[in-house]
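Colleague: Can you keep this structure in mind? I'll have questions shortly.
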Amino acid sequence: MAHARLETASQEATEAVAARLARALAPGDVVLVSGELGAGKTTFVRGACRALGVTVRVTSPTFTIGHRYPGAGVDVSHLDLYRFRGLSAAEWGDLEPYFDDAVVFVEWPEAGSGALPEPRAHVRLGHVSPEVREIRVDAAEESLLQGIAGADPGLRHGD
């Protein structure tokens, strides 16, 4: 498993990292997005949605479980499993349509462990300081990470 680690110091920089990853995604791809409360998970997804052509407001689906947004040539599903403690067959049945012919971002994916489709990438966000976030992206494909590791003046690159 290859990984890229970056630090961002603004929401715009976090969104830019997400946008670079999103440009390499296609319908059927699943991206898991983990991190503590306030780490920037929804900000990350918003940046990816913008890069995929979503023009409507992107909000956290914590209380609705999921949103499906029309993008430019691809739909984007944004799921939030924060309120789940696991996925029953019935709950998976409710979520499954979000995965049909869409790029899918799943916040708090731990609840879906063993039930969710294999992810193309796993993004982990964390606080370095009140202003700085660490973003770690794990992927089986090195090529998926190359796009996000490009130089950007708003980012500090890690190992």
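The values are calculated or read from the model by the stated rules, or taken from the named source; none is laboratory data. Just so we're clear, the structure is a prediction, and the values are computed from it rather than from any experiment. As a convention, Cβ positions derive from the backbone with ideal geometry for all residues, glycine included, and neighbour counts pool all protein chains shown. Keep in mind that these areas ignore ligands, DNA and RNA; they rest on the heavy atoms of the full protein, side chains included. Shrake-Rupley method; radii C 1.70, N 1.55, O 1.52, S 1.80 Å.
Colleague: Scanning region 65-90 for residues that are touching an Asp or Glu at 6+ places or on another chain (Cβ under 8 Å) and open to solvent by 80 Å² or more (accessible area, probe 1.4 Å), which turns out nearest to L32 (Cα to Cα)?
Modeller: Looking at residues that are touching an Asp or Glu at 6+ places or on another chain (Cβ under 8 Å) and open to solvent by 80 Å² or more (accessible area, probe 1.4 Å), I get Y82.
Colleague: Name the residues in region 107-144 that are assigned to a helix (DSSP H, G or I) and of a type outside the set (D, E), would you?
Modeller: Hits for region 107-144 are P109, A111, G112, S143, L144.
Colleague: Let me ask something else about it. Which strands (runs of 3 or more DSSP E) sit wholly inside region 1-106 and have at least 3 residues that are farther than 13 Å from V123 by Cα, touching a residue at least 60 places away in the same chain (Cβ under 8 Å) and among the basic types (K, R)?
Modeller: Qualifying strands (runs of 3 or more DSSP E): none found.
Colleague: If you don't mind, there's one more thing I want to ask. Which one of these is open to solvent by 30 Å² or more (accessible area, probe 1.4 Å) and under 18 Å from S143 (Cβ atoms): G38, G28?
Modeller: So the residue among G38, G28 that is open to solvent by 30 Å² or more (accessible area, probe 1.4 Å) and under 18 Å from S143 (Cβ atoms) is G28.
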